[in-house]
1. Taking 8 Å as the Cα distance limit and 6 or more residues as the minimum spacing, I'd like the relative contact order of segment B:373-427 as a percentage.
2. In degrees from 0 to 90, rounded to the nearest 10, what is the angle of the helix B:52-68 Cα long axis to the longest principal axis of chain B?
3. Would you please classify the overall shape of segment A:1-139 from the alpha carbon gyration tensor, given that a ≥ b ≥ c denote the square roots of the eigenvalues, rounded means a/c under 1.5, and beyond that prolate means a/b larger than b/c while oblate covers the rest?
4. Leaving ligands, DNA and RNA out of it, rank A:Arg194, A:Arg37 by accessible area with a 1.4 Å probe, largest first.
5. Taking θ = phi - 60°, what integer Hz values does the Karplus form 6.51 cos²θ - 1.76 cosθ + 1.60 yield along segment B:420-427, in sequence order, with x for Gly and Pro?
6. Over both sides of the B-A contact, add up the buried accessible area with a 1.4 Å probe and give it to the nearest 100 Å².
7. Quick check: residue separation of A:Arg179 and A:Leu75 times 0.36 nm, minus the Cα distance between them. What number comes out in nm?
8. Segment B:226-247: which residues show an accessible-area loss of 20 Å² or more, assembly versus chain alone, 1.4 Å probe?
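The values are calculated or read from the model by the stated rules, or taken from the named source; none is laboratory data. Everything numeric here is computed off the predicted structure, so don't read it as measured data. Here the Cβ is made from the backbone with ideal geometry for all residues, glycine too, and neighbour counts use every protein chain on show. The protein model used for the area step is the full one, side chains on, heavy atoms only, and it has no ligands, DNA or RNA in it. Shrake-Rupley method; radii C 1.70, N 1.55, O 1.52, S 1.80 Å.
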There are 2 protein chains.
Amino acid sequence: MNQSAVENSDVKVAVRQVCAQAQVGQKWLAQANTASRNELLESIAQRLLLEAERIEAANRIDLERERAAGMSEGLLDRLRLDYSRIEDLAAAVRTLVDLPDPVGRVIDGQQLPNGLRVRRQRVPLGVVGMIYEARPNVTVDAACLALKAGNAVILRGGSAAAESNAALVEVMRTALAERGCPPQVVASVDAWGREGARQLMRARGYIDVLVPRGGGGLISAVVEESTVPVIETGVGNCHIYVDASADLTQALEIVMNAKTQRVGVCNAVETVLVDESIAPDFLPVLESALGAAGVRIHPSAQAAKELQNHWPLAGEDDWAGEYLSMDLALATTAGVEGAIEHIERYSSGHTEAVLATDTRVINDFVRRVDAAAVAVNASTRFTDGGQLGLGAELGISTQKLHARGPMGLEQLTTWKWIIEGDGHVRA
Amino acid sequence: MNQSAVENSDVKVAVRQVCAQAQVGQKWLAQANTASRNELLESIAQRLLLEAERIEAANRIDLERERAAGMSEGLLDRLRLDYSRIEDLAAAVRTLVDLPDPVGRVIDGQQLPNGLRVRRQRVPLGVVGMIYEARPNVTVDAACLALKAGNAVILRGGSAAAESNAALVEVMRTALAERGCPPQVVASVDAWGREGARQLMRARGYIDVLVPRGGGGLISAVVEESTVPVIETGVGNCHIYVDASADLTQALEIVMNAKTQRVGVCNAVETVLVDESIAPDFLPVLESALGAAGVRIHPSAQAAKELQNHWPLAGEDDWAGEYLSMDLALATTAGVEGAIEHIERYSSGHTEAVLATDTRVINDFVRRVDAAAVAVNASTRFTDGGQLGLGAELGISTQKLHARGPMGLEQLTTWKWIIEGDGHVRA
């Protein structure tokens, strides 16, 4: 065995030990009632404010190191934790207190003909792993969502936020210990770098689910390496189809909102598809609104004919990719049929929107498009746990298993079948 | 690239083509209403009976080859398809017709304060992969469950049942085509042997879920190799704890039922734990009943003291493994606390039973034991889709994500968020 293999084996043991301690601690959470778990969150919110200075100091170390290493202003902004953002974090934790507790809820149940009483009752998943990029707010959001639903959480944040995350985890653990909760239910494997992340992906039997949150590269790597169940989140190549029957004033507002209200998010629109019959009227209006907002258009050859400016034509990468920037691919289609074909080919299964007044078009689109969310005469930006009434979310799942769309508290639970008899045996 | 790599790459292309055709065909199923999908099942039931002779002939080839190769009588029996078993298969398909359709069901929904109408509605998963052992009845059961919920299915059965499975798939495809359904929604990758199975595990983007059904070795291999989401089924190391407060007459009946009503199934009991305070009274009675039924006992040193016969003492393998035979591990524990500790250490998360009349003991056990099913004063054998009122099942999931316990029609669906507005944009 070479030196590196020995080190990897040490990391494996260390990561599994962290997970095993979290498993033991989680038993405390699984027994705690709603009020006790809410007290933990309140305690965390208070501690975040009390220890804001210490968190800011840790964050400054990350910011200075990354600025020196040439991190862009946009990314530095995502990394920054000033007092006002710490206040926001604490407020977000307090909003979780008011959300209904999914644990203990009875999903369904019945008395069977033989007299057996059966029910499915929600219980915590157990230990949730999170792998994410350099956004320290996710450290607190993810941990507190997991705790609310009775889970322990093992975190692996981006190395650029290492000092901030270490401080936040320490603050949360202090808050938990104050209320008698084993602090190891919030833990980090950041100390072991990339190998720590890899061992987390392979900690089968030690963690119950792993949620990668970030770009396509991170998610593919996790899916490829993992032997633990994974819920993919965060990649969105969203489309809006504007039908000939659409209210074009509304359509213009919705496209502008979906593209420009916030870029760099997974529910922003990346491609607009316009029925060819209205292209001559609608595209010039759309072009001037997009242009005024600073959006760069990447048109199909057909769409380009209706535009004033000479934009470089879109290629395969434009249709297939996620810009996450002030760029928009634009194509005309042969009605809703053409739009559905385009979406079937390029959709990442996140959010697809149809703008139309013709119910035949709407029903066809809603039935046939296979995505986590289908929006009708509404912006793609509504696919969000907060917007859809879940209160909070761990991410947006684009897979079909367990969680599809916003992953809220309910998706952080599983169920237990409870079968009650009076000496029942099977015939 | 060597010869074998070239062949693997050919198999990869071939398997992905089968999956892609299933994806296209599944669109037909996703559009079909409940009545149309039920007609497909009726058509399959009829064809199974019409072509019974052909199926039996194919099955005889498998039986003769495997008998010559030394397959045990027990396994040959699982492989056998005579006319009466084909009748049972057809009858099982017809029972699916009467089950409620999960597709289209609205899970929840609301009108949000801003006027957006949102709902979660059940839709098929898409393409379901199944990898299983040499039981040809699973070929029909799995395919028809998947079809009922609007899914295409790609099958990989054990090679010992290759001829039988090929005939069954052909018969089902004929029945589908008769009703205008694209026959490729039921397909097999058996022709490509082990490499076909491996490529199915790696057909990311082509299948939506893979369900391995079989022994621990098969399931571990699938989990290790897969890049597609997996639902594990079929491994059960089930325990029964007999408390001092139990009705011992009932307890004896339940233990006997759970061990001997059918061995070789995942919900049979493998270890019985008895409170040490009642061991002197209960163990001799239990021993004589088990002995009369031909069950071999593997006791702990403590339990052995109360037994008449000299059974070889149980070791780590006895506590950790699944016998699937007329063998039973037996231990005494320090009350429910000791039983929970033993179960936490060795449980496979399938079914755990408590036999007691003391509600404190029952509540403690139900709350703290982490398994798909917890039975109270009932046999472990009830953890079964048919017994629990689901009508049918694809297997028993021991994982926590998506499906826990019996995997019925509902677990063969996902949901789609439908968001309806009137020109809504995000503020």
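1. Working: 46 pairs, mean separation 13.0, N = 55.
24 percent.
2. So the inclination is approximately 50 degrees.
3. Values: a/c = 2.71, a/b = 1.49, b/c = 1.82.
Oblate is the answer for segment A:1-139, as a/c is 1.5 or above yet b/c matches or exceeds a/b.
4. On the way: A:Arg194 205, A:Arg37 10 Å².
In descending accessible area the options line up as A:Arg194, A:Arg37.
5. Coupling constants for segment B:420-427: 10, x, 10, x, 5, 10, 8, 6 Hz.
6. Details: alone 19170 and 19210 Å², together 32180 Å².
Result for this pair: about 6200 Å² buried.
7. On the way: separation 104, 0.36 × 104 = 37.44 nm, distance 3.56 nm.
Contour length minus Cα-Cα distance gives 33.9 nm.
8. Going by heavy-atom accessible area, the residues of segment B:226-247 that drop by at least 20 Å² are B:Thr227, B:Pro229, B:Glu232.
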